[in-house]
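Input: a single structure, listed below in structure tokens.
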Amino acid sequence: MNTPRFTGWKIFVTSVALGSIVLGLANDTAIARQARKRLDGIAQPQKDTASKASTAEAEGGKALLTQIRHTSSDNYTRVTMKLSAGIRYESHLLKEDPAKDLPPRIYFDLIGARLAMDSRPILVQDGLLRQVRVGQFGPKVVRVVLDMTSFSDHKAFLLPDPYRLVIDIQGRRNGGGIPVVAKKKELPLSPPARKAPPEGIRKIVLDPGHGGKDPGAIGIGGVAEKDIVLSVARKLAKKLKREMGIDVVLTRQDDTFVPLEDRTAIANAEEADLFISLHTNASPNPEARGIETYYLDNTNDEASIRLAARENATSRKNISDLQFILSDLTQNMKLEDSITLAHRVHSSVVGLVGQKRAEVKDLGVKKALFYVLVGARMPSILVELFFVTHKNEGRQLGQASHQEMLVDALFDGIRKYQETTLVVKNL
Ligand SMILES: [Zn+2]
């Protein structure tokens, strides 16, 4: 019998009432002393040191660390730390020390931060991350320690509005397997049946944009982006399962709010082969219309920056400030595949909708910094399916028949992408 594998992901929140801990300076010192004791053994930074600056407010100790959340699977963990303002941070990696019975640890010093959450260790135990410890290490430094079980790689980045420090931890599968405690197993008498290698796309995570308190763009007749994209995503999921046998996971099943950083985390935890975020466009110009498809990359294009600012719920300036984080994150991004996927999906929608309806305005395949795509470890795109603010397009987007057509077009694009990649692999 196969050992059941944990394939689900779970999002855990350690939440705290803001302001429940109001620290005076004297108190800070006492707490810092205690924390130092508790966080002992990690005081000496070693070689693997990174330091990133965020904003000028960093040094003031004004950023409150209010929450630590994590999304877990057995080969990937995303830890998100919620902050009330910008900070500077340093990260350090400490190797395992079997002599002292110490696990490998990654710790982050949040400079300019104060602890405003419960400081009890957060137990995770997902195969990669054993627990998270947090303490006020100095008057203006919060230290967060990740006690690891095993991992191969980690990356961190800071996002604004609200500020959050996001840490992605990758396991060792596809690179040596995860050293877990081996279960006693009888020696097999015959070799295990060889499984056929997976052909093509096995699993897709579809991300209907916005939801809950965030309606997205509101268009003609009060139609909300969040409702249109959820409906399209549900229909597309059914079609992909039925006709291509693809396992599809939605980042939200209903009208609920899901933070942007959790959406990619779900795709990573699911080890999806593709991540597709669905949106509809909007403009103050009622004449604006058409479809555009995005992949994640730096851009100087003003319109793309403005769109990303709206979809990220942040300012245009923040986007420009944050472009630098991308250089760190591009290694795992599958950029070429994302561009291919973007083109296949885009041209299918332009072609099919153009064939069946009036002429489609092709706004092209573009790049921009969408938070929802940052850190995705699979080919990932964001599609802006027409303008809810355009008289005709807005009305059509609310119609079931038009949505069906979009579903057919998106499906066709995914199928063509699969055909392209299979041909390339089989050359
Ligand atoms: Zn949107």
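Bear in mind that the values in this text are calculations on the coordinates, not laboratory data. Worth saying up front: this structure is predicted, and the values here are computed from it rather than measured. A quick note on method: Cβ atoms are made from the backbone with ideal geometry, for glycine too, and the neighbour counts reach across all protein chains shown.
So the values come out like this:
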item: Loop-located trypsin sites (Lys or Arg not before Pro) in the stretch 88-146, at most 15 other Cβ atoms within 10 Å (DSSP); result: LYS95
item: Spin-label model distance (nm) - ASP255 vs GLU419, 7 Å beyond Cα toward Cβ; result: 3.9
item: Whether the stretch 203-425 is rounded, prolate or oblate, judged on the alpha carbon gyration tensor where a/c under 1.5 counts as rounded; result: rounded
item: Simple spin-label estimate for LYS213 and ASP153 in nanometres, 7 Å along Cα-Cβ; result: 3.5
item: Gain in span if fully extended, GLU90 to LYS391, counting 0.36 nm per residue against the direct Cα distance; result: 103.3 nm
item: Added length on full extension, which subtracts the Cα-Cα distance from 0.36 nm per residue, ALA358 to SER315; result: 12.0 nm
item: Distance violations [Cα-Cα > 32 Å] among LYS62/LYS203; LYS82/LYS226; LYS238/LYS366; LYS226/LYS356; LYS203/LYS391; LYS238/LYS391; result: LYS62/LYS203; LYS203/LYS391
item: Order of SER91, SER72 under a 10 Å beta carbon neighbour criterion, fewest first; result: SER91, SER72
item: Long-range HN-HN contacts of VAL134 with modeled amide H, under 5 Å; result: VAL145
item: ILE339-ASP301 pseudo-label distance in nm [points 7 Å out on the Cα-to-Cβ vector]; result: 1.3
item: The stretch 203-425, relative contact order [Cα under 8 Å, separation at least 6], %; result: 31
